[in-house]
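Comments concern the structure below.
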């Protein structure tokens with residue numbers, strides 16, 4: 001086995017030591033929850049009669065049998081293209097479980113909102129909190145104590161993190177994540193982006209824009225750019241939570257169905273009733289979390305995971321921070337160029353060798369822990385295999401020895417960049433994250449006056465009024481989790497990109513989020529402490545000189561130290577962000593939520609209130 005990279009070894013050890021008490025308490029709870037026989041035998045007669053009353057062909061098995069019963073937690077809805085294929089999964093899973101001597105029931109459904117639909121709308125202020133709602137809905141689904149294992153059906157942005165956080169609350173059970181796969185490639189992503197920029201400049205009609213968007217998002221399956229949804233699938237692979245190679249197999253194909261059947265059979269095999277017990281609590285350990293951070297860096301993945309991975313780790317009794325992510329990213333070469341970090345989409349990436357190639361390269365370089373307890377029954381090296389059908393039989397083979405398209409995918413020996421895509425920034429403006437893999441080196445540093453905006457619409461209004469001239473740092477504050485739920489500000493991307501393309505030096509500085517498809521404009525995001533908590537962004541005034549240096553990892557207001565310390569914080573105007581579109585129902589989450597670097601999560605409060 002290759003020696004681990006010293007940075008990977010050091011960060012893993014640091015996380016384990018930092019988390020020793022919390023992780024020990026978590027594992028003790030999970031070990032105590034393990035049962036010797038089928039979980040349903042612990043229920044009283046009235047309890048279990050309710051649970052199998054409508055079970056049809058599985059009724060006898062659930063009443064008298066000794067086989068395992070799988071809980072299906074599904075994010076199916078037919079508005080989301082990524083989740084529409086999940087409609088048929090429960091029937092397939094039930095059949096596969098029955099054939100393997102077990103049973104399966106839909107334990108519950110979780111909400112699945114689409115950031116693409118809510119982008120720039122009031123509903124986006126519920127988006128991040130939907131992750132925590134999904135985690136709670138997952139816990140409710142599994143709370144019936146009927147299940148010996150779980151299958152998690154979900155794909156998109158907050159959904160997979162929410163499912164995983166919820167499932168970790170039942171970490172004594174094995175859990176396998178079952179994706180749906182990407183839609184076929186539409187128009188090239190850069191062509192879509194070009195139309196968006198022309199529309200922002202008033203040079204393309206709404207009809208032309210809609211034609212471009214509809215040609216890009218056009219069929220069942222996941223959107224094909226490398227945003228949060230597809231980064232989720234990468235994470236499930238490097239954490240060993242998929243059947244090998246499941247991430248980017250197209251929906252509605254025999255191979256996709258075969259992988260779903262295999263996941264069902266394997267979930268029964270690794271339950272406490274089988275001979276290879278692999279509870280989720282033991283799969284998601286500090287090594288798996290480090291693998292996730294390395295995979296994110298190596299592929300130029302979504303900035304949203306600077307939040308989600310912290311929350312996922314905490315659900316498993318582990319504590320990570322942005323220093324861990326920054327250190328690992330600097331040690332990890334960038335192996336993929338997938339839009340917005342390149343021209344290709346995930347289908348091109350998959351055809352070039354995909355995640356199997358990436359995982360093998362990173363293992364061989366000592367950058368991934370191979371010895372994690374993957375759900376498929378082997379270690380992470382087996383995760384690098386790619387699935388195929390030999391007739392009707394599912395088999396796995398080695399990925400290509402070399403990348404089949406070096407413009408999309410490269411090995412460790414000749415990467416696109418010597419380091420990964422994510423950095424931590426810090427200075428007198430607080431701490432933030434930045435994605436540099438899509439930002440050209442000449443745009444990774446800026447020193448310019450601040451232009452202060454209290455909302456993204458205020459910035460767009462200034463652009464439409466032709467008030468955004470010269471170089472500037474656009475400060476959009478009052479967008480943090482306590483303020484308004486930390487919406488994505490991706491609506492600003494075409495406008496800022498258009499300004500940059502016409503020769504202005506611009507950057508975004510915000511306590512909100514950018515999209516998982518963060519693009520070519522420098523964006524210091526997730527600033528913490530946030531403005532609503534009297535964070536430093538609340539001290540900034542129009543015209544203050546600001547320096548953001550992603551290479552050096554710094555962000556500073558260039559204001560004399562004494563004057564900066566004495567300056568009062570402006571209070572964000574948030575009255576209009578708390579009512580309407582369901583936002584009033586999330587007031588408790590806004591009051592409870594932790595800071596961005598703690599995962600912007602509302603779920604975890606220790607006994608001492610910390």
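The values are calculated or read from the model by the stated rules, or taken from the named source; none is laboratory data. On a predicted model such as this, the values are computed, not experimentally measured, just so you know. When we count neighbours, we look across all protein chains shown, and the Cβ atoms used for this are built from the backbone with ideal geometry, even at glycine.
Looking across the stretch 452-473, the residues that are within 21 Å of residue 577 (Cβ to Cβ) and not in a loop (DSSP other than H, G, I, E, B) come down to 452, 453, 456, 457, 458, 459, 460, 461, 462.
Considering each residue of the stretch 253-270 in turn, at least one proves to be assigned to a loop (DSSP other than H, G, I, E, B), at pLDDT 95 or above and farther than 27 Å from residue 25 by Cβ. Applying the condition of being out of contact with any strand residue (DSSP E or B) (no Cβ under 6 Å at 6 or more places or on another chain) and more than 16 Å from residue 462 (Cβ to Cβ) to the stretch 498-520 and asking which residue is surrounded by the fewest Cβ atoms within 10 Å (Cβ to Cβ) yields 503.
Being out of contact with any strand residue (DSSP E or B) (no Cβ under 8 Å at 6 or more places or on another chain), surrounded by fewer than 21 Cβ atoms within 10 Å (Cβ to Cβ) and farther than 24 Å from residue 164 by Cβ narrows it down to one of 562, 543, so name that one.
On the way: 543 fails: out of contact with any strand residue (DSSP E or B) (no Cβ under 8 Å at 6 or more places or on another chain).
Only one candidate qualifies: 562.
Restricted to helices (runs of 4 or more DSSP H) entirely inside the stretch 2-119, those with at least 3 residues that are touching a strand residue (DSSP E or B) at 6+ places or on another chain (Cβ under 9 Å) and crowded, with 16+ Cβ neighbours inside 10 Å are 89-99. Among the residues that make up the stretch 168-180, is at least one of them at pLDDT 95 or above, over 24 Å from residue 38 (Cβ atoms) and outside any helix (DSSP H, G or I)? Yes, because at least one residue in the stretch 168-180 is at pLDDT 95 or above, over 24 Å from residue 38 (Cβ atoms) and outside any helix (DSSP H, G or I).
The residue that is farthest from residue 274 (Cα to Cα), among those in the stretch 186-214 that are touching a helix residue (DSSP H, G or I) at 6+ places or on another chain (Cβ under 6 Å) and surrounded by fewer than 17 Cβ atoms within 10 Å (Cβ to Cβ), is 201. Name the residues in the stretch 474-509 that are at pLDDT below 95 and in a strand (DSSP E or B), would you? If the condition is that a residue be at pLDDT below 95 and in a strand (DSSP E or B), then 488 is the only one that fits. Within the stretch 582-596, being surrounded by 15 or more Cβ atoms within 10 Å (Cβ to Cβ) and touching a residue at least 60 places away in the same chain (Cβ under 8 Å) holds for 583, 586, 589, 590, 593, 594, 595, 596. With respect to the conditions (1) surrounded by fewer than 24 Cβ atoms within 10 Å (Cβ to Cβ); (2) assigned to a loop (DSSP other than H, G, I, E, B); (3) assigned by TED's automatic domain parsing to the domain that holds residue 30, residue 314 lacks only one, and its number is (2).
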